[in-house]
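The structure appears below as structure tokens.
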Amino acid sequence: MPTIDALAPFYPWTKALHLIAVFAWMAGQFYLPRLYVYHMQVTPGSATSDLFVVMERRLLRAIMNPAMIGAWILGVTLILTPGVVDWHAGWWHMKFAGVIAMSGLHGHLSAARKRFAAGERPRTERYWRAINEVPTLLLIIIVVMVIVKPF
């Protein structure tokens, strides 16, 4: 893949901003499924349910969506920076698969938010408890691939 030499001097800033965006995105990925667990425990249409709808919408729109977009843009910028990715190494394939899976989870959580807002109860409380663990597993895969580069 071609790189852009002009990006090299900005590498430390790009990397720092990328990590900040990823941390914010991950915070939302950890918290939104937990909100869904709690949302499942209240009566549909109640004041508490309505409060969860607002909290979920704000978390997704104000934090998670911008953070995901920032993480992707800055991640692609890092890929285009010379010397960051060794395209012959295999670790980046697994890292990229983890990021794609994390993005898919984001989409799944976003679709569920719309259903909660419509008064539906998508899935079960047990399902959301299990989904709450998925971001941790993906984070482990992604971080190990980037830091350890096992293959």
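Among the residues of segment 30-48, some residue qualifies, meaning at least one is of a type in the set (D, E, K, R) and assigned to a helix (DSSP H, G or I). For segment 39-58, state whether one or more residues are surrounded by 12 or more Cβ atoms within 10 Å (Cβ to Cβ), more than 23 Å from Leu139 (Cα to Cα), out of contact with any His (no Cβ under 8 Å at 6 or more places or on another chain) and modelled with pLDDT under 95. Within segment 39-58 (the criterion being surrounded by 12 or more Cβ atoms within 10 Å (Cβ to Cβ), more than 23 Å from Leu139 (Cα to Cα), out of contact with any His (no Cβ under 8 Å at 6 or more places or on another chain) and modelled with pLDDT under 95), the answer is yes, since at least one residue qualifies. For segment 94-121, what are the residues that are over 17 Å from Met55 (Cα atoms) and touching a Lys or Arg at 6+ places or on another chain (Cβ under 8 Å)? Across segment 94-121, there are no qualifying residues. Of the residues making up segment 80-97, those that are in contact (Cβ under 8 Å) with a residue 60 or more places away in the chain, surrounded by 15 or more Cβ atoms within 10 Å (Cβ to Cβ) and of a type outside the set (S, T, N, Q) are Leu80, Val84, Val85, Trp91.
Residue-by-condition table, conditions (1) closer than 25 Å to Trp13 by Cα; (2) part of a loop (DSSP other than H, G, I, E, B); (3) free of Cβ contacts under 8 Å to residues at least 40 places away in the same chain; (4) of a type in the set (S, T, N, Q):
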residue: Arg58; (1), (2), (3), (4): no, no, yes, no
residue: Ile63; (1), (2), (3), (4): yes, no, yes, no
residue: Ala71; (1), (2), (3), (4): yes, no, no, no
residue: Val99; (1), (2), (3), (4): yes, no, no, no
residue: Arg115; (1), (2), (3), (4): no, no, yes, no
residue: Ala130; (1), (2), (3), (4): no, no, yes, no
residue: Leu137; (1), (2), (3), (4): no, no, yes, no
residue: Val146; (1), (2), (3), (4): yes, no, no, no
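Among the conditions (1) modelled with pLDDT under 95; (2) not in a loop (DSSP other than H, G, I, E, B), the only one that Pro122 does not satisfy is (2).
Is segment 40-52 home to any residue that is within 18 Å of the chain's Cα centre (by Cα) and of a type in the set (A, V, I, L, M, F, W, C)? Checking segment 40-52: not a single residue is within 18 Å of the chain's Cα centre (by Cα) and of a type in the set (A, V, I, L, M, F, W, C).
The values are calculated or read from the model by the stated rules, or taken from the named source; none is laboratory data. Computed from a prediction, not measured in an experiment: that's the story for all the values here. Cβ atoms come from the backbone with ideal geometry, glycine included; neighbour counts cover every protein chain shown.
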